[in-house]
Amino acid sequence: MVKGQRISITEDTEQGCKDKALLLKAQGRTGEIKILHKPENITLSQAMDNYIMIHSNILSPSTISGYRDIQRLRFKNVINSPVASVGSWQAVVNDEAELVSPKTLKNSWSFAHSALKNAKIPDADITVKLPQIVKEERPFLDYKEIKTFLKSIDGKECELAALLAL
């Protein structure tokens, strides 16, 4: 734990993990915490962890909670795979598009994209095309329909409520 946050550390050897943990604790005391994982073997989940940790002092608790939900629920095929091994981010987004609405996909990819950019992955093409978000058209009365409506409620007991609803 560094500054009250649980940080996961993975290295090839037990001694490597201990050394990295000691380094992080020292950096935490001086306020110099840096990216925890090497860009060449980082996973999407680790990139998201790094992003949240680095920006934790400027993100609201609800934003962090939303980011954790995205990390837990989205991009399940690649979340724990090394980013370098992902062939096409467009294919990942296309797969996710079948599961969620365009708005959810946009929000999820925005976070993932920010985390990947923050991790400075070399030679990573993280540019994708997202589905268009279709705005719901809300039905509304036109001028003639409003005149008809006003005539039909004129003088009735529900007139005030109907006008407020309109």
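The values are calculated or read from the model by the stated rules, or taken from the named source; none is laboratory data. Quick caveat: nothing in here was measured; it's all calculated off a predicted structure. Heads up, the Cβs are rebuilt from the backbone with ideal geometry, glycines too, and the neighbour counts pull from every protein chain shown. Quick note on the areas: whole protein, heavy atoms, side chains included, nothing else; ligands and nucleic acids left out. Shrake-Rupley method; radii C 1.70, N 1.55, O 1.52, S 1.80 Å.
How much accessible area per residue does region 90-166 have, counting only protein heavy atoms and a probe of 1.4 Å, in square angstrom?
Accessible surface, normalised per residue, equals 79 Å².
Of all accessible surface on region 102-166 at a 1.4 Å probe, what whole percent is carbon and sulfur?
Solvent-exposed carbon and sulfur of region 102-166 make up 55 percent of the total.
Quick one: which of 80-88, 133-141 comes out on top by average Cβ neighbours within 10 Å, and what's the full order, highest first?
Order by mean packing, descending: 80-88, 133-141.
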